[in-house]
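Peer 1: I'd like to ask you about the structure that follows.
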Amino acid sequence: MASKEGKYNIKAISTMLKIQAGTLRAWERRYHIIEPVRNSAGHRLYSEEHVAILKWLIDKVNKGFTIGQAVDLFESDQVVLKSNEPTYYEDYSVKLSNEILAALLSFQENKANQLLNQAFSMFSIDKVTIDILGSLLVKTGHMWEENEITVAHEHFVTSFLRTKIGMIFHGIPIDGFKPKVVAVCGPNETHELGLLIFTLFLRGKGFEVVYLGSGIPATDLELVIREVDSHFFFTSCTMDVNLESTLNLVNQLQRTFDQLVIGVGGCAFDYLGEEQRSTYREYLVGKTKQDWENWIKFKLNS
């Protein structure tokens, strides 16, 4: 079944389906078959389900039906929509991600900025940060681990991503009624972008996030948690050599703050043994946006 989550703006739909924005708005007003959601700024956002419906209608119009006839046919028939096929939109987001990475690996910052601006003009903030910038982060880390790029390349790419994500982070409004969050990298961790993307996801949900980055002593961390009166604490660990010290930090904070809800993530947790995984299962937030959604929802309702 196609997702009903709003994620494509009207420019993306127009480009993807080759339909004029004015025509699309007219269809919406007259036939009410598509009702896009609105984001906080009041802009239309279309879901995968909307895309599938519009593709079906446009196909019928191209075959000689009027739009009115196509809508009547859609509403009277049990239409099976092909929603699990990759869309032009998804293909284009992958293409943009690859082009941004290629530009950065060639140290072409201006070109990378132009491509990123193009992505933001077409896609939602969530889509750009998690699917495009997040995938860049994963690819860069993999290429560095496989010695396919130099340390200089890795530093340049991550510096660019850190700056862009930080700018987005501070521009998102917060909901003062939601629990406060403190987030920090695990001890000796220097790879912070994965955690930064996760905190961006939280900020998009309205949480006030105090993001501390890396290199924070445990004593300072306890001070911040008390001062902020934090409900959630998140940490990340990407290098298996730092896993034990990160788990020790989790244990220490849980003993000190028995009401603190702790979440952990990062590829180092893939190295947990069966017994350790059982012990720390409740802390593992997962790797995908849906995992994060489910974890947060469960903890808020517990």
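The values are calculated or read from the model by the stated rules, or taken from the named source; none is laboratory data. Predicted, not measured: the structure shown is a model, and the values here were computed from it. Here the Cβ positions follow ideal geometry from the backbone for every residue, glycine too, while neighbour counts run over all protein chains shown.
Peer 1: Of all residues in segment 204-223, how many are among the β-branched types (Val, Ile, Thr) and either under 23 Å from SER124 (Cα atoms) or touching a residue at least 60 places away in the same chain (Cβ under 8 Å) (or both)? Show your work before the answer.
Peer 2: First, the residues of segment 204-223 that are among the β-branched types (Val, Ile, Thr): 209-210, 216, 219.
Then drop every residue that is not either under 23 Å from SER124 (Cα atoms) or touching a residue at least 60 places away in the same chain (Cβ under 8 Å) (or both), which leaves 209.
Of the residues in segment 204-223, 1 are among the β-branched types (Val, Ile, Thr) and either under 23 Å from SER124 (Cα atoms) or touching a residue at least 60 places away in the same chain (Cβ under 8 Å) (or both).
Peer 1: Checking the condition touching a residue at least 60 places away in the same chain (Cβ under 8 Å), in a helix (DSSP H, G or I) and exposed (fewer than 14 other Cβ atoms within 10 Å of the Cβ), which residue from SER159, SER121 passes? Break it down into steps so the answer makes sense when it comes.
Peer 2: Details: SER159 fails: touching a residue at least 60 places away in the same chain (Cβ under 8 Å).
Sole residue among the options that is touching a residue at least 60 places away in the same chain (Cβ under 8 Å), in a helix (DSSP H, G or I) and exposed (fewer than 14 other Cβ atoms within 10 Å of the Cβ): SER121.
Peer 1: Let me ask you something else. Could you list, in sequence order, all residues of segment 196-210 that are of a type in the set (Gly, Ala, Ser) and assigned to a helix (DSSP H, G or I)?
Peer 2: Start the filter on segment 196-210 by keeping residues that are of a type in the set (Gly, Ala, Ser), which leaves 204, 206.
The answer is GLY204, and nothing else.
Peer 1: Related question: Might you check whether a residue that is surrounded by fewer than 16 Cβ atoms within 10 Å (Cβ to Cβ) and of a type in the set (D, E, K, R) occurs anywhere in segment 184-201? Break it down into steps so the answer makes sense when it comes.
Peer 2: Applying the first criterion (surrounded by fewer than 16 Cβ atoms within 10 Å (Cβ to Cβ)) to segment 184-201 yields 188, 190.
Subsequent filtering for residues that are of a type in the set (D, E, K, R) retains none.
No, every residue in segment 184-201 fails to be surrounded by fewer than 16 Cβ atoms within 10 Å (Cβ to Cβ) and of a type in the set (D, E, K, R).
Peer 1: If ILE58 satisfies every condition in (1) modelled with pLDDT under 80; (2) on the phi < 0 side of the Ramachandran plot but one, which is the exception?
Peer 2: ILE58 satisfies all of (1) modelled with pLDDT under 80; (2) on the phi < 0 side of the Ramachandran plot except (1).
Peer 1: Considering segment 217-272 alone, what residues qualify as being in a loop (DSSP other than H, G, I, E, B) and either among the aliphatic types (A, V, I, L, M) or surrounded by fewer than 20 Cβ atoms within 10 Å (Cβ to Cβ) (or both)?
Peer 2: We begin by selecting, within segment 217-272, every residue in a loop (DSSP other than H, G, I, E, B); these are 217, 229-231, 237-239, 257-260, 266, 272.
Selection gives PRO217, ASP229, HIS231, MET239, PHE257, ASP258, GLN259, LEU260, LEU272.
This table checks each residue for (1) polar (S, T, N, Q); (2) within 21 Å of THR288 (Cβ to Cβ); (3) in contact with a Phe, Trp or Tyr (Cβ under 6 Å, 6 or more places away or on another chain).
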residue: SER93; (1), (2), (3): yes, yes, no
residue: SER97; (1), (2), (3): yes, yes, no
residue: SER106; (1), (2), (3): yes, no, no
residue: ASN117; (1), (2), (3): yes, no, no
residue: HIS153; (1), (2), (3): no, no, no
residue: PHE169; (1), (2), (3): no, yes, no
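Peer 1: Taking segment 153-177 only, how many residues are modelled with pLDDT of 85 or more, in the same structural domain as LEU136 (by TED's automatic domain parsing) and charged (D, E, K, R)?
Peer 2: Residues in segment 153-177 being modelled with pLDDT of 85 or more, in the same structural domain as LEU136 (by TED's automatic domain parsing) and charged (D, E, K, R): 2 in total.
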